[in-house]
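Take a look at the structure below.
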Amino acid sequence: MSETKPPDPDAEREVDLRSAWTRITARWYLPVAGLLIGAILGVLASASGGEVFRGRTLLYLGQPFTTSGGGQIQSLATNPKTVSQIIRGEVALRKASRDSGLTLGQLRGHISSAAVVSAGQGKNVTPLVEITVDASAGHKAEKAANSLANAVIGSVSTYVDQKIALLNRQIASSKAELADIDQRISTAVAQQQAVIKDKTISSTDKLIAINTYNNTISFSEQRRGTVQQELFQNQQLLSLAQNVEQSKIVQPAVASKTTATSRRNSALIGALIGLLLGALAAAIADPFLQRRAARSAA
């Protein structure tokens with residue numbers, strides 16, 4: 001007696017897939033219609049999804065140098081991860097929430113930072129960063145973005161702020177000393193002229209007094225040159241610290257409208273879903289119609 005071979009599951013599966021593909025190609029208009037309808041519905045859903053406001057603040061982190069204005073030093077301002085960590089920290093988020101009126105939940109997941117780099121420039125060397133906040137109201141997005149930028153400035157500018165304060169004190173001290181030197185020189189010149197005009201003083205005493213005043217004036221003028229040079233140097237260092245080293249907001253946030261989801265992405269997703277549903281409808285259309293016809297005949 002010949003043995004009956006069991007059915008091959010792989011062969012049956014291949015037949016089922018081939019049959020399904022045949023049914024889909026026979027009713028090709030269903031997947032195509034699903035693709036078009038899905039894309040249209042995706043665009044409509046994106047348009048009706050509401051608008052959000054995006055506030056962008058352009059922040060300059062600064063490039064701190066040594067106290068003498070020499071080489072650049074490593075600090076928080078030179079770390080590319082600093083901004084991202086600070087703006088996502090609880091302290092900065094709570095401050096931004098108070099300043100903007102947004103809740104912590106509305107801020108989390110809706111803030112970002114990105115280094116502004118040019119072609120061929122590495123992210124590790126740029127001090128320019130853009131902070132972005134998305135919110136339902138424009139003024140809230142602006143206030144939150146600016147608050148986060150100020151939080152970054154407060155964290156990374158400690159060294160430069162102290163340096164600026166020290167330079168200002170040195171400049172004020174130099175100016176005060178210059179004024180004192182000018183006063184001493186003026187007094188010495190006036191007293192010298194008075195001695196010269198005084199006829200009651202002997203020639204010997206007059207000569208001694210004139211030489212003494214000359215020495216005082218000469219020493220004061222030398223000291224004045226030294227202090228003046230120190231003043232110029234400190235003023236240059238102050239300008240460098242304020243314009244290059246210190247962190248600052250380059251452009252405050254100005255909110256702009258943007259859609260909550262990308263229309264292009266929504267259209268693609270809708271088209272894909274429509275295509276799959278259309279292919280499924282084409283695959284089951286014939287078996288469904290056959291069963292329905294059989295029921296009607298019975």
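The values are calculated or read from the model by the stated rules, or taken from the named source; none is laboratory data. Because the structure is predicted, anything quoted here is derived from the model rather than measured. Backbone-built Cβ (ideal geometry, glycine too); neighbour counts: all protein chains shown. Heads up: the accessible areas ignore ligands, DNA and RNA and are worked out on the full protein's heavy atoms, side chains in. Shrake-Rupley method; radii C 1.70, N 1.55, O 1.52, S 1.80 Å.
Structural remarks
- Members of the range 99-114 that are free of Cβ contacts under 8 Å to residues at least 12 places away in the same chain and either among the hydroxyl-bearing types (S, T, Y) or surrounded by 11 or more Cβ atoms within 10 Å (Cβ to Cβ) (or both): T103, L104
- Criterion (free of Cβ contacts under 8 Å to residues at least 40 places away in the same chain and among the basic types (K, R)) met by exactly one of R94, R56: R94
- With respect to being surrounded by 14 or more Cβ atoms within 10 Å (Cβ to Cβ), aliphatic (A, V, I, L, M) and either closer than 19 Å to A241 by Cβ or under 20 Å from the mean Cα position of the chain (by Cα) (or both), A135 fits the description.
- Subset of the range 252-266 [among the hydroxyl-bearing types (S, T, Y) and in a helix (DSSP H, G or I)]: S266
- Only one of the numbered conditions (1) over 17 Å from V254 (Cβ atoms); (2) touching a Pro at 6+ places or on another chain (Cβ under 8 Å); (3) not acidic (D, E) is not met by A188, and that is (2).
- Among the criteria (1) under 16 Å from I131 (Cβ atoms); (2) modelled with pLDDT under 85; (3) assigned to a loop (DSSP other than H, G, I, E, B), the one Q74 does not fulfil is (1).
- Contact map, the range 218-230: residues that are within 18 Å of R169 (Cβ to Cβ) paired with residues that are charged (D, E, K, R) and open to solvent by 50 Å² or more (accessible area, probe 1.4 Å), Cβ distance under 8 Å, separation 6+ or inter-chain. Pairs shown: V227/E177.
- Scanning the range 184-193 for residues that are open to solvent by 70 Å² or more (accessible area, probe 1.4 Å) and either more than 30 Å from L238 (Cβ to Cβ) or modelled with pLDDT of 95 or more (or both) turns up Q191, Q193.
- Here Q236 clears all of (1) open to solvent by 50 Å² or more (accessible area, probe 1.4 Å); (2) outside any helix (DSSP H, G or I) except the condition numbered (2).
- In the range 49-71, the qualifying residues are those that are assigned to a loop (DSSP other than H, G, I, E, B) and modelled with pLDDT of 75 or more, and the one that is nearest to I249 (Cα to Cα) is L61.
- Residue check for N150: part of a helix (DSSP H, G or I), open to solvent by 80 Å² or more (accessible area, probe 1.4 Å) and closer than 29 Å to G101 by Cα: yes
- Taking (1) at pLDDT 90 or above; (2) over 25 Å from L237 (Cβ atoms); (3) exposed (fewer than 15 other Cβ atoms within 10 Å of the Cβ) in turn, V117 satisfies each apart from (1).
- Residues located in the range 1-48, provided they are modelled with pLDDT under 55 and part of a loop (DSSP other than H, G, I, E, B): M1, S2, E3, T4, K5, P6, P7, D8
- Of the residues I196, I249, I269, I210, the single one that is surrounded by 17 or more Cβ atoms within 10 Å (Cβ to Cβ) and assigned to a helix (DSSP H, G or I) is I269.
- If the condition is being under 11 Å from the mean Cα position of the chain (by Cα), open to solvent by 50 Å² or more (accessible area, probe 1.4 Å) and farther than 19 Å from A144 by Cβ, then the range 51-80 contributes only P80.
- For the residues Q191, Q162, the requirement of being of a type outside the set (F, W, Y), free of Cβ contacts under 8 Å to residues at least 40 places away in the same chain and within 30 Å of L61 (Cα to Cα) singles out Q162.
- S136 vs. criteria more than 29 Å from Q236 (Cβ to Cβ), at pLDDT below 95 and not β-branched (V, I, T): yes
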